[in-house]
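The values are calculated or read from the model by the stated rules, or taken from the named source; none is laboratory data. Everything numeric in this text was worked out from a predicted model, so none of it was measured. Quick reminder, even Gly has a Cβ in these numbers, built from the backbone with ideal geometry, and neighbours come from all protein chains shown.
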């Protein structure tokens, strides 16, 4: 069974959150746009069974007074990625969640996963937001006390190019 890094983030968020908690639909800030992001694998140092290019939904929101921005996925119990918005550039929207298990690295290989989304909103001539392009990086590292077998298994990184689906 494939357990991609993105899925591990969702699993870890589930383990860390209380029953009934959900960030889905509760993204801070003012909604700017929602997209389905298509992923193209650029590189990975993670075990290949931990990698998935499955598209996912994301809503980009912002607080113009502070410059803060959030990228919230439609995954149940996932945590908003927090960054800044400078013009149309979403910078370093990041969240770290722990508790997922990399089975390929050992049955007790508990990891923390940090997701980082960075990219640019595109606009139509009238100013309406029409798309998003950028990169998604997922970094996995062993939690303290975790047994991850092969020394080269973690830490590891997966890097994707992301483009909003038409």
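Could you say which residue among 79, 115 is part of a loop (DSSP other than H, G, I, E, B) and in contact with a helix residue (DSSP H, G or I) (Cβ under 8 Å, 6 or more places away or on another chain)?
Numbers: 115 fails: part of a loop (DSSP other than H, G, I, E, B).
Only one candidate passes the filter, namely 79.
Given (1) within 24 Å of residue 97 (Cα to Cα); (2) free of Cβ contacts under 8 Å to residues at least 40 places away in the same chain; (3) not in a strand (DSSP E or B), identify the lone condition not met by residue 149.
In the conditions (1) within 24 Å of residue 97 (Cα to Cα); (2) free of Cβ contacts under 8 Å to residues at least 40 places away in the same chain; (3) not in a strand (DSSP E or B), residue 149 misses (2) alone.
Quick test of your reading of the structure: residue 7 fulfils all but one of (1) modelled with pLDDT of 75 or more; (2) outside any loop (DSSP other than H, G, I, E, B). Name the failing condition by number.
Status for residue 7: all satisfied but (1).
Out of the residues in the stretch 82-94 that are assigned to a strand (DSSP E or B) and either crowded, with 22+ Cβ neighbours inside 10 Å or without any contact (Cβ under 8 Å) to a residue 12 or more places away in the chain (or both), state the one that is farthest from the chain's Cα centre (by Cα). Don't jump to the end; show me each part of the working.
Taking the stretch 82-94 first, the residues assigned to a strand (DSSP E or B) are 82-86, 89-94.
Subsequent filtering for residues that are either crowded, with 22+ Cβ neighbours inside 10 Å or without any contact (Cβ under 8 Å) to a residue 12 or more places away in the chain (or both) retains 83, 85, 90, 93.
Numbers: 83: 12, 85: 17, 90: 13, 93: 9 Å.
Per the criteria, the residue is 85.
Go through (1) at pLDDT below 95; (2) in a strand (DSSP E or B) and name the single condition residue 120 misses.
(1)
From the list 106, 74, exactly one residue is at pLDDT below 85, under 13 Å from the mean Cα position of the chain (by Cα) and surrounded by fewer than 20 Cβ atoms within 10 Å (Cβ to Cβ). Which is it?
On the way: 106 fails: under 13 Å from the mean Cα position of the chain (by Cα).
Every option except 74 fails the conditions.
Residues that are farther than 19 Å from residue 122 by Cβ, touching a residue at least 24 places away in the same chain (Cβ under 8 Å), touching a helix residue (DSSP H, G or I) at 6+ places or on another chain (Cβ under 8 Å) and part of a strand (DSSP E or B): does the stretch 100-108 have at least one?
yes
Among the residues in the stretch 124-143, are any in a loop (DSSP other than H, G, I, E, B), touching a residue at least 40 places away in the same chain (Cβ under 8 Å) and in contact with a strand residue (DSSP E or B) (Cβ under 7 Å, 6 or more places away or on another chain)?
Checked against the condition, which is being in a loop (DSSP other than H, G, I, E, B), touching a residue at least 40 places away in the same chain (Cβ under 8 Å) and in contact with a strand residue (DSSP E or B) (Cβ under 7 Å, 6 or more places away or on another chain), the stretch 124-143 yields at least one hit.
Specify which of the listed residues (66, 43, 52, 34) is under 21 Å from residue 123 (Cα atoms) and modelled with pLDDT of 50 or more.
Working: 66 fails: under 21 Å from residue 123 (Cα atoms); 43 fails: under 21 Å from residue 123 (Cα atoms); 52 fails: under 21 Å from residue 123 (Cα atoms).
Just a single option satisfies the conditions, and that option is 34.
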